[in-house]
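J.: What follows is a single structure, and I will ask about it in a moment.
Where a number appears in this text, it was derived from the coordinates with a stated rule and is not lab data. It should be emphasised that the depicted structure is a prediction, and the values quoted were computed from it without experimental measurement. Ideal geometry is used to build each Cβ from the backbone, glycine not excepted, and the neighbour counts take in all protein chains shown.
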Amino acid sequence: MNNALDDLSKGVAKALDTVPELYHDTLQPAAQETGKVIARIPRAINAAFSGLDRWILNKEYSIEETKKLLAQKLDNVDPEKIVEPEPYVAVPAIQAISYAMNSDELRNLYANLLAKSMIKDTKDTVHPSFVEIIKQMSPIDARIFQLITNAESRPLINLIVKMEHDGSYPIQYHCSWIQDFSIKQCATSLDSLLRLGLIEIPFDECYTDEKIYNHVKQNPLFKKLEQSHKNSLPPGETLDYEKSYIKLPDLSLLFYEVCVLNP
C-alpha cells in the first residue's frame, strides 16, 4: 500500500512538472489567440462609438449650428417679438437637436419648435411633449407625416386574401398612395405615427367615393405587390380590399403648425 502511494505521489509530481511545458506547447497558443480576440473587442467598441465621440467633440459646434438655424427661421420675425423660451421646452430640444444634426428632416422639426418657442405670439402653442414625439420619429416618419398632412385625401387599403369557403388573411396592412418609400416602410411609419397620436385610422370607416381609392390602386408599388401575390394564390382564393383612411386629430394639426411650418 505504501509503495503504491509513493508511486502515485511520484506520478502526480511528474505530471505537475510537465504542466508548464504542456501550457507552453498547447494552451499558450490558444491563450494568445484568445488574447488577440479580446484585444479586438475594444477596437470594435471604439469603432462603434466613433460617431458618438465626434458628437461629444462637436457638441459646441452643434449648438452654434442650431443658433444659425434659428437665425434663419427667425429672420423675418420682428426682433421685439423674440423672447426667452421656456426652459422645459428649450433645454431638451437643444439637447435632442444635437443628436439629429445628420438628419435634415428631424433637425428642421426641432429648429421650428425652438423658433416658435422664442416668438411671443406662438410660444404658448409649443407643447413640451412635442420634443418627445420628435425623439421617437425616424427621418422617414417625419417625411411621411408631411406627405400625409399635405394630401387632399388619405386613403388606405389593407390587401387581404379571401378564402374559398370562409375567412380571410392579410397580405399587407396600410397600403397607401405614397411612392417615396416602399409599401412596408410606409406601413411601419403609419404604425409609428398612430402610436404617437399624430394620426388616427378609424375602425370600419372608409370614404364613400370609391374613386379616391384609385390613388392607392394605381400606385406602382401597390400594383407590384398585388400582382406578385395574385400569381401565387391557390385555387379558390382571391385578393380583396379592406378600405380605410387616415384622420388627422387636433394634436397632429398643432404639431404640424409648430414643428413643420416655418415661422
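J.: What nm value, rounded to one decimal, do you get for the distance between V77 and D209 when each label is placed 7 Å out toward the C-beta?
T.: Using points 7 Å along Cα→Cβ, the separation is 3.8 nm.
J.: Amide H of R154: which non-local residues (sequence gap of 5 or more, or other chain) have their own amide H closer than 5 Å, using H built in the peptide plane?
T.: Residues meeting the amide H criterion: I246.
J.: Please list 93-99, 221-227, 252-258 highest first by mean number of surrounding beta-carbon atoms within 10 Å per residue.
T.: 93-99, 252-258, 221-227
J.: Something else now. For L233 and D180, what does the FRET efficiency come to when R0 = 25 Å and r is the distance between their Cβ atoms, rounded to the nearest 0.05?
T.: Between L233 and D180 the formula returns 0.30.
J.: Checking the table K73/K211; K123/K243; K135/K217; K211/K247; K116/K211; K68/K120 against a 30 Å threshold on Cα-Cα, which pairs fail?
T.: Long pairs (Cα-Cα over 30 Å): K73/K211; K123/K243; K135/K217; K116/K211.
J.: Still on this structure, I have one more. Sorting check: for 83-92, 155-164, which peptide has the highest mean count of neighbouring beta carbons within 10 Å, and how do the rest follow?
T.: Result, highest mean first: 155-164, 83-92.
J.: Next up: Return the equivalent ellipsoid semi-axes of segment 54-135 as a descending list in whole Å, where each equals the square root of 5 times an eigenvalue of the C-alpha gyration tensor.
T.: Taking √(5λ) for each Cα gyration eigenvalue gives 20, 15, 11 Å.
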